[in-house]
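To start, the structure under review is shown below, and the notes come after it.
The values are calculated or read from the model by the stated rules, or taken from the named source; none is laboratory data. Just so we're clear, the structure is a prediction, and the values are computed from it rather than from any experiment. Heads up, the Cβs are rebuilt from the backbone with ideal geometry, glycines too, and the neighbour counts pull from every protein chain shown.
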Amino acid sequence: MAKDDNTPFAIRRYDAETLREALRKMYLIRFFEEGAEDSYTRGLIHGTMHLSIGQEASAVASCLPLTDDDKITSTHRGHGHCIGKGAEVGRMFAEFFGKEEGYCHGRGGSMHIADVTKGNLGANGIVGGGIPIAVGAALTAKQLGTGAVTICFFGDGANNEGAFHEALNIAAVWKLPVVFVCENNKYGMSTSTERSTAVKDIAQRAAAYSMPGVTVDGNDFSAVAEAVQEAVDRARRGEGPSLVENLTYRWRGHSKSDRNRYRTKDEIDSWIARDPILRFREELAAHGVLDASGADAIEAAARREVEDGIAFAKGGTDPTIADVTKYVYAEARS
Amino acid sequence: MNAPTRNPEIQTRELSYAEAIREAMGMALARDERVILMGEDIGVYGGAFQVTGDLVERFGPDRVRDTPISELGGAGVAVGAALTGLRPIFEFQFSDFATLAMEQIVNQAAKMRYMLGGEASVPLVFRMPAGSGTGAAAQHSQSFEAWFGHVPGLKVLQPSTPEDAKGLLLAALEDPDPVVVFEHKLLYKLKGHVPDGWYTTPIGKAAVRREGRDLTIVASAIMVHRALAAAEKLAEEGIDVEVIDLRSVRPIDHETIIASVRKTGRLICVYEGVRTLGIGAEISAMIAESEAFDYLDAPILRLGGVEAPIPYNPELEKAAVPQAPDIEAAARKLARKEV
């Protein structure tokens, strides 16, 4: 079918294989997190977790313009970014289960899962902690002329941290190839953006640092892809940083301690009705990229991959107790 | 062993402590394109203490990079740069300002390798002008070595001589992990022999600056010089003091200190940081847990900063941290078994 101007950006820009892979990753994120939650409920894993169910379009569409040489920094709600940047769910589950086979050999857990070899510089337990680090990665790219771009994911909560403001200013002053992707899911833990943030749209913050800032429907895969692709292209051309704000929503609570006392069931339901995965499926079907049975097959395969990943993790190796101080420093060179 | 013995083959010249640091940075910039300097006013201004000096003229503003006054942001950018292939040397204008960047130093730089299970490395040097004695009062005169020494993942150095200032900085730069180097501001103008060329001073190794039989003083940074001055006075009274320059707060060289205390049976720890919960507590406890404990003939003493911010008035400022006469008096008492 003709890809005219009314065709969504993602359908026009990316080939069918790329779009099917994107749907697969969105399902992987959804099922990975459901699997993690289920494993927690059964007492198979400890600690806590921050689930991004409902935000899958933002993670996957934002990573679409990137290659393995490009970098991302992520957040405490980072499983989606990790899968979006190409990590395997088996090794992610192994990390969740605290096993040596995990990406961080069981030392990091949910809040630090990252496949460094795919350009993921790490999730981060500190709100805003990854933002200056992303700018540093962009400085390396500029200084060494690698051509790499860094995407910096952060939530609405981070936009009131000093690190956010300092890092955006430095990125702009030095014209660095970095794209700041704010996943605005309306609440920093329980505090709404209305109660925490002086501007209406977080993208308005960009004006203070002389960079473009746009707000898009973060549950619309194509809208996110278009905004981030444009920002990545701009960064690659050497024209400096941009800020993209994806309006989205986490269906689950902040973490396992959340009793959902700050939002209503109606609000949650209204966002569940805007499921980014179903919307993307419908869009792919409407434009003849993937029919229902094709999408069902991708969904089923993702489900199996997650089940296999959990089985892999359960069979993993526990770290040796004597190795508790391993990895604090580089191994001494012999 | 007042002056260390030198290999006549190695060329040395007199340089100041600041010049030695600048020479090390210049050599590093010339040798490796991944090395960059970052900090506030380190470019044309030359740094608040003129340590970077004219390096910007030799290497340009991209490699000798003035940052905005954004300690947290700047330190975090350095962490990200180190994580992805650069070898940044980040200068805090005063070590006091590192308080603004603790998040990036303590939560990020120090833990990145561990959190990522050894899959990442942050080869980053933080340079920290530290210490009192400049009349700059409470927010520009602190000594935070023990704070940073409490963080696994960091290495913490305190050079006391121009030779070590260069050698330890080059060692820090070669190290694959983040290293915090405290440079005492009163030492910047101190002159001393500095070897030519690229050399490294081993991290984690203390130096015996003066050998003695009666008493061991473990000191760091400027306190090494005050301890040596005290030792000379005491020598006139027949008290033979051994002075150990700690050089590295993390890791601490247990072996050298234990060997010295086994020999002398007496120990004083002298450091500029606040006395309580400081470096001296760690060294005292380490000796108490070691085989040297049985050799002690007297209690261990600690001389450190008083329990107050650094005051402005010059006499009060001097009184706030150990001075040579304080060290001399304490050592005399200890040697005469008056403690």
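Would you confirm whether or not the range A:236-259 contains a residue that is in a helix (DSSP H, G or I), away from chain B (no Cβ under 14 Å), without any contact (Cβ under 8 Å) to a residue 24 or more places away in the chain and farther than 30 Å from A:Trp174 by Cβ? Give the derivation first.
Our first condition is that a residue be in a helix (DSSP H, G or I); within the range A:236-259, this holds for A:236.
So of that shortlist, the ones also away from chain B (no Cβ under 14 Å) come out as A:236.
From the residues that got through so far, the ones that are without any contact (Cβ under 8 Å) to a residue 24 or more places away in the chain too are none.
Checking the range A:236-259: not a single residue is in a helix (DSSP H, G or I), away from chain B (no Cβ under 14 Å), without any contact (Cβ under 8 Å) to a residue 24 or more places away in the chain and farther than 30 Å from A:Trp174 by Cβ.
Can you tell me which of B:Ala172, B:Ala165 is in the same structural domain as B:Thr84 (by TED's automatic domain parsing), under 25 Å from B:Gln323 (Cα atoms) and at pLDDT 95 or above? Even if it seems obvious, please write down each step before you answer.
Details: B:Ala172 fails: under 25 Å from B:Gln323 (Cα atoms).
Only one candidate passes the filter, namely B:Ala165.
Residues that are out of contact with any Ser or Thr (no Cβ under 7 Å at 6 or more places or on another chain) and either within 22 Å of A:Ala225 (Cβ to Cβ) or polar (S, T, N, Q) (or both) within the range A:181-204 comprise A:Cys182, A:Ser190, A:Thr191, A:Ser192, A:Thr193, A:Ser196, A:Thr197, A:Ile202, A:Gln204, listed in sequence order. Can you go through A:Gly129, A:Gly188, A:Gly125 and tell me which one is at the interface with another protein chain (Cβ under 8 Å from one of its Cβ atoms), surrounded by fewer than 24 Cβ atoms within 10 Å (Cβ to Cβ) and closer than 30 Å to A:Ser257 by Cβ? After ruling out the rest, the residue left standing is A:Gly125.
On the stretch given as the range A:200-216, residues that are surrounded by 14 or more Cβ atoms within 10 Å (Cβ to Cβ) and either of a type in the set (A, V, I, L, M, F, W, C) or without any contact (Cβ under 8 Å) to a residue 24 or more places away in the chain (or both) total 7.
Annotation: B:Val181 fulfils all but one of (1) buried (at least 21 other Cβ atoms within 10 Å of the Cβ); (2) in a loop (DSSP other than H, G, I, E, B); the unmet one is (2). Can you pull out the residues in the range A:260-271 that are surrounded by fewer than 13 Cβ atoms within 10 Å (Cβ to Cβ) and touching a residue at least 24 places away in the same chain (Cβ under 8 Å)? Across the range A:260-271, the qualifying residue is only A:Arg261. Just one of the numbered conditions (1) part of a helix (DSSP H, G or I); (2) surrounded by fewer than 24 Cβ atoms within 10 Å (Cβ to Cβ); (3) more than 9 Å from chain A (Cβ to nearest Cβ) is not true of B:Ile105: (2). In the range A:217-235, the residue that is nearest to the chain's Cα centre (by Cα) out of those that are surrounded by fewer than 24 Cβ atoms within 10 Å (Cβ to Cβ) and without any contact (Cβ under 8 Å) to a residue 60 or more places away in the chain is A:Asp217. The set of residues in the range B:194-207 being over 20 Å from B:Ala219 (Cβ atoms) and assigned to a strand (DSSP E or B) consists of B:Val194, B:Pro195. With respect to the conditions (1) outside any helix (DSSP H, G or I); (2) touching a helix residue (DSSP H, G or I) at 6+ places or on another chain (Cβ under 7 Å); (3) without any contact (Cβ under 8 Å) to a residue 40 or more places away in the chain; (4) surrounded by fewer than 17 Cβ atoms within 10 Å (Cβ to Cβ), B:Val243 falls short on a single one, namely (4).
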